[in-house]
Amino acid sequence: MVYQHGDHHHIPDEYRVHKPGAWLPADHRIVQHWLGHHVKHVDKVGEQELIPVLKEFEDLIENNTRIRMYFCSMWDEVPRKPPYNTDVTGQSQIRDYKHMLQVLNHIFGRAPEWTAAAAGVGLVGVPLAAMFDYASATPSGHAAFLDPDVNRMLKKILNEWGKYLTSPESASVLGDHSAGWFGEVSCKDLMEVANAAASTSYKFEEMYECDPSAPQRGYKSWDDFFTRRFVPQARPVASPEDHLVVANACESKPYALSHDVRLRDKFWIKGQPYSVLDMLAHDPLSEHFAGGTVYQAFLSPLSYHRWHAPVSGTIKRAFVQDGTYFSVPLFPVEDASDELSGDRTGRTREYEILQKGITVSQGYLTALATRAIIYIEAEAKEIGLMVFIGVGMDEVSSCEITVKEGQRVEKGDELGTFHFGGSTHCLIFNKDVGKKLKGFPKVGREENVPVRARLCAVEE
């Protein structure tokens, strides 16, 4: 078993939440403890002056009738009963938008850290996702996080937080203390995730480029650590001379494999069918992939976050498409409960729909979230034109492309990187090629597939 968040301790059923994307701990008490700690601090010190970007957010809410309605209503629509509330008065941890802004104001001076809770230890690697976990799945939250004005504001906010995460001050969480990334449990989980992918037993300094003798192992900021590179020999390129073998583009867990995808589909309904035209931002080359094959896999906060070329070839197009940041599909309750696995005895149907959140909305997000789109003309004519899509999720406001149009890449070369949090990615092949690709990893496997390892191959 691979533990993504220190959740190897016993978790009672009523607190265990199945999070396929592994962006938040399986033990919901860890999220409640983490958020409760920050709420308690905010309540104790009282109202503080907001940093400029959050003051701008407050002005947007209060001066736009539509947005004010959303942000007033979303917190009221979160059920006033367990597990959503944490005190006997039935209040949710975040009480209203004013309270939300004060908690954000406090969080924005901190980098993601490990949380020592009574129930165990875990990582809240995407703190804003933890804050919006329930509210985003309410009717008003759904409308708010689809709103273009709200998303433009969220982009400003996340970019401002990103500046802090690239600062030397953000490296304070990279120590060996209980809340540090190199603490006993956190480092153990980090390496267990990395080693499980290829059944290795590397130490951190054998797996990742770093300076073990330097403070914070040589990482200058949280983002420097988050975008760390593998030691090349730790992730060799699969069959570098065989152009019919496709390499895995990201260190990730298989999420879905879909053939005969439609050019346009209703990606927001139950099942979240892929809609190629929407995924590719209505790019003229989209039509080339009607009826094609989509492979999707996701990365947790503990995964390696750089992208690598799945094939040798030439970059034909490369661009970042702005989109949503915290939007999740608003399924009817009966549809949401149908999709959830496991025993649901004693759980309300409202709990089921809200607990789905962003972790099982990945098909939906491929058409809406901020994403990097890179077309590659493969050297192998048997593969031809294919697409890599890096989908930013939650706090992952920056999808950084490091290649240029017209550039030649070899299989395994770096294409770009995610910043800040969890994410997902897709590979799209045209209809004729998709039918010939064999050997994809099993969807639902527990371990990551190593980056640059064999993903599949063309078989005539």
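The values are calculated or read from the model by the stated rules, or taken from the named source; none is laboratory data. Note that the coordinates shown come from a computational prediction; the quantities given were computed from them, not determined experimentally. Heads up, the Cβs are rebuilt from the backbone with ideal geometry, glycines too, and the neighbour counts pull from every protein chain shown. All accessible areas refer to the heavy atoms of the entire protein, side chains included, with ligands and DNA or RNA removed. Shrake-Rupley method; radii C 1.70, N 1.55, O 1.52, S 1.80 Å.
Which one is farthest from MET153 (Cα to Cα), of the residues in the range 54-71 that are open to solvent by 80 Å² or more (accessible area, probe 1.4 Å) and in contact (Cβ under 8 Å) with a residue 40 or more places away in the chain? Walk me through how you get there before you give the answer.
First, pick out the residues of the range 54-71 that are open to solvent by 80 Å² or more (accessible area, probe 1.4 Å): 55, 63, 65-66, 68-69.
Remaining after also requiring in contact (Cβ under 8 Å) with a residue 40 or more places away in the chain: 66, 69.
Details: ARG66: 15, MET69: 16 Å.
That would be MET69.
Restricted to the range 239-255, and to residues there that are out of contact with any Leu (no Cβ under 8 Å at 6 or more places or on another chain) and part of a loop (DSSP other than H, G, I, E, B), the residue that is nearest to PHE440 (Cα to Cα) is LEU244.
Residue-level check: of (1) of a type in the set (Ser, Thr, Tyr); (2) at pLDDT below 60; (3) over 23 Å from the mean Cα position of the chain (by Cα), TYR15 misses just (3). The set of residues in the range 445-460 that are of a type in the set (Lys, Arg) and out of contact with any Lys or Arg (no Cβ under 7 Å at 6 or more places or on another chain) contains only ARG454. If the condition is being closer than 21 Å to SER361 by Cα and among the aromatic types (Phe, Trp, Tyr), then the range 218-266 contributes only TYR255.
The requirement of being basic (Lys, Arg) and either modelled with pLDDT of 90 or more or in contact with a Cys (Cβ under 6 Å, 6 or more places away or on another chain) (or both) is satisfied by ARG317. All conditions but one from (1) in contact (Cβ under 8 Å) with a residue 24 or more places away in the chain; (2) closer than 24 Å to LEU437 by Cα; (3) touching a Pro at 6+ places or on another chain (Cβ under 8 Å) apply to LEU330; the one that does not is (2). When residues of the range 433-460 are filtered for being of a type in the set (Asp, Glu) and farther than 24 Å from PHE289 by Cα, how many remain? Of the residues in the range 433-460, 2 are of a type in the set (Asp, Glu) and farther than 24 Å from PHE289 by Cα. Scanning the range 450-460 for residues that are buried (at least 21 other Cβ atoms within 10 Å of the Cβ) and under 17 Å from THR200 (Cα atoms) gives PRO450, VAL451, ARG452. Looking only at residues of the range 86-130 that are under 25 Å from ILE61 (Cα atoms) and modelled with pLDDT under 70, we find that the one that is nearest to the chain's Cα centre (by Cα) is VAL126. Taking LEU174, is it modelled with pLDDT of 85 or more, more than 30 Å from SER73 (Cβ to Cβ) and touching a His at 6+ places or on another chain (Cβ under 8 Å)? Here the answer is no, as LEU174 does not meet what is asked.
Each residue in the range 262-279 was checked for being β-branched (Val, Ile, Thr) and crowded, with 21+ Cβ neighbours inside 10 Å, and 1 pass. Residues in the range 402-447 that are in contact with a Cys (Cβ under 9 Å, 6 or more places away or on another chain), modelled with pLDDT of 95 or more and outside any strand (DSSP E or B) were compared, and the one that is most open to solvent (accessible area, probe 1.4 Å) is GLY439. The single condition among (1) farther than 15 Å from VAL311 by Cβ; (2) in contact with a Pro (Cβ under 7 Å, 6 or more places away or on another chain); (3) charged (D, E, K, R) that GLU446 does not meet is (2).
For the range 130-186, name all the residues that are in a loop (DSSP other than H, G, I, E, B), more than 30 Å from PRO329 (Cα to Cα) and open to solvent by 10 Å² or more (accessible area, probe 1.4 Å). Selection gives THR166, SER167, GLY175, ASP176, HIS177, SER178, ALA179, PHE182.
Return yes or no: is SER258 open to solvent by less than 60 Å² (accessible area, probe 1.4 Å), in the same structural domain as GLY363 (by the TED database), among the hydroxyl-bearing types (Ser, Thr, Tyr) and under 25 Å from the mean Cα position of the chain (by Cα)? Write out each step before concluding.
Values: open to solvent by less than 60 Å² (accessible area, probe 1.4 Å): yes; in the same structural domain as GLY363 (by the TED database): yes; among the hydroxyl-bearing types (Ser, Thr, Tyr): yes; under 25 Å from the mean Cα position of the chain (by Cα): yes.
Judged against the criteria, SER258 is a match.
Given the criteria at pLDDT 95 or above and open to solvent by less than 10 Å² (accessible area, probe 1.4 Å), does GLY357 qualify? It is false that GLY357 is at pLDDT 95 or above and open to solvent by less than 10 Å² (accessible area, probe 1.4 Å).
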